[in-house]
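No lab work stands behind these numbers, since they all come straight from the coordinates. Keep in mind that this is a model prediction, so the values were computed, not measured. Neighbour counts are summed over all protein chains in view; Cβ atoms, including those assigned to glycine, are modelled from backbone coordinates with ideal geometry.
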Amino acid sequence: MTSFRGAGCAVVLAAALASGARAQVPAPSAAEAPAAGPALRDAIAALAQDPVRGRELLGEVERSHPIIADYAALLTIASFAATGDSARVAASAVAFGSAHPASPLAGRVAALEAQAAVALGDEPRARAAFATAQRAAASREERATFALASARSLEREGAHAEAASAFVAVWRDEAPTAAAREALSALEAQPHGVGAGARVITAGDWARRCRELFAAFWNEDALKACDAALASRALPPAERGSLAALRAELLFRDRRYADAERAFAALPDSRENRFWRARSLARSGRTDEAKAAFEKLGERRDDWGARALFLAGTLYEDDDVAKASERYRQALAQATRAELRTEARWRLAWRAYLEQRWGD
């Protein structure tokens, strides 16, 4: 696991030094700014040379300048963390919570407190702090990292079943992150090996992982998760149907058009599924079948029909420009969406230009 002492704590301090300690801090009032700015800069400069003196100056900033008091307190805690003084980090984190209960920096303090608690052997406190940091995380990667840290805390306490569930949750819910890969490795390394991990992963877990990866456009990994979920007899019928539709779209995304065509054909009959099957036919080179499928959809006047007629027109561009223009005009007449009407007009105008029909 990433060391919060070596990475989180030091990075918090380094980022504060690099940014002039302005990040996530409200701008001081006009009256306070001239005094607060130089005071904080002096404290930061001293901290880099003499941590004890720097912390004294930060304490003065915290007492004298309420607008940046929480940031000064965070820098003090980070300086203790950077020197490995876990006891002072833990004590200062408690004081921070009392002095600044509504601070937007609470999550960053919690991350420092969590690693200090780990060093002090207080795993329950570490997990509580990791949970606070997780709720305040600025990115998915951070959130996943804190969730993984909580799972590792359970593992250190010997609570292997609870740790396994927590590792699965990271692997499932935070699928498109580095922490998810680490969670799976940790699961496989548990006392009973890969088999123990496999037994705690359900069809529902695979399905959720598929959806998370789908949303992140991790198409190949999402396909593997979908296939694993669909292979299980335990998957509820409703979930099986929605996941099969997701799998068909993933195949199309992954440019496996022949497979996508078969997947859409196997789905319940609907205009949406027929439309995407026709697109898959077109992409796989079966253009005559695709034209027929699009034109069949175009017999009904709705958005699916208008889109289908437009795409049929694009397929006729190479061999029957008159029919292509006819399909564009039909799409223009049926379309309710402005962007599709615009595209159809553009295609018709371009064809008129190529044929030097300037009046059109």
Going out from 0 in 5 Å bins, what whole percent of all Cα-Cα distances in the range 249-303 drops into each bin?
4, 24, 31, 24, 13, 3, 0
Simple label model, 7 Å out from Cα along Cβ direction - ASP288 to ALA322, nm
2.0
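Go through 339-350, 171-182 and give me the packing order, highest mean Cβ count within 10 Å leading.
Values: 339-350: 15.5, 171-182: 21.0.
Highest-to-lowest ranking by the protection proxy: 171-182, 339-350.
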Counting pairs of alpha carbon atoms under 8 Å apart in space and at least six apart in sequence, what relative contact order in percent does the range 31-150 give?
16
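Mind checking the range 253-296 for trypsin sites (Lys or Arg not before Pro) that DSSP puts in a loop (not H, G, I, E or B) and that have at most 12 other Cβ atoms within 10 Å? Present the calculation step by step, with values, prior to reporting the outcome.
Numbers: sites: ARG253, ARG255, ARG256, ARG262, ARG271, ARG274, ARG277, ARG279, ARG283, ARG286, LYS291, LYS296; in loops: ARG255, ARG256, ARG286.
Filter output for the range 253-296: ARG255.
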Extension gain from ARG233 to THR336, taking 0.36 nm per residue of separation minus the Cα-Cα distance:
32.8 nm
In degrees between 0 and 90, to the nearest 10, how far off the longest principal axis of the chain does helix 10-19 point, with axes built from Cα atoms?
80
Helix 160-173 sits off the longest principal axis of the Cα atoms of the chain, rounded to the nearest 10 on a 0 to 90 degree scale, by 50
Toward the positive end of the charge dipole of the chain, about the Cα centre and with charges on Cβ (Lys, Arg +1; Asp, Glu -1), which of TRP304, VAL168, GLY37 goes farthest?
TRP304
What nm distance separates the two modelled labels at ARG345 and SER185, each placed 7 Å from Cα along Cα→Cβ?
5.6
Cβ-derived FRET efficiency at R0 41 Å, SER242 paired with LEU354, nearest 0.05
0.40
(i) -0.33, -0.68, -1.19, -1.39; (ii) -0.54, -0.79, -0.95, -1.02; (iii) -0.28, -0.60, -1.04, -1.22: which one is log10 I(q)/I(0) by the Debye sum over Cα atoms at q = 0.07, 0.10, 0.13, 0.14 Å⁻¹ as calculated from this entry?
(ii)
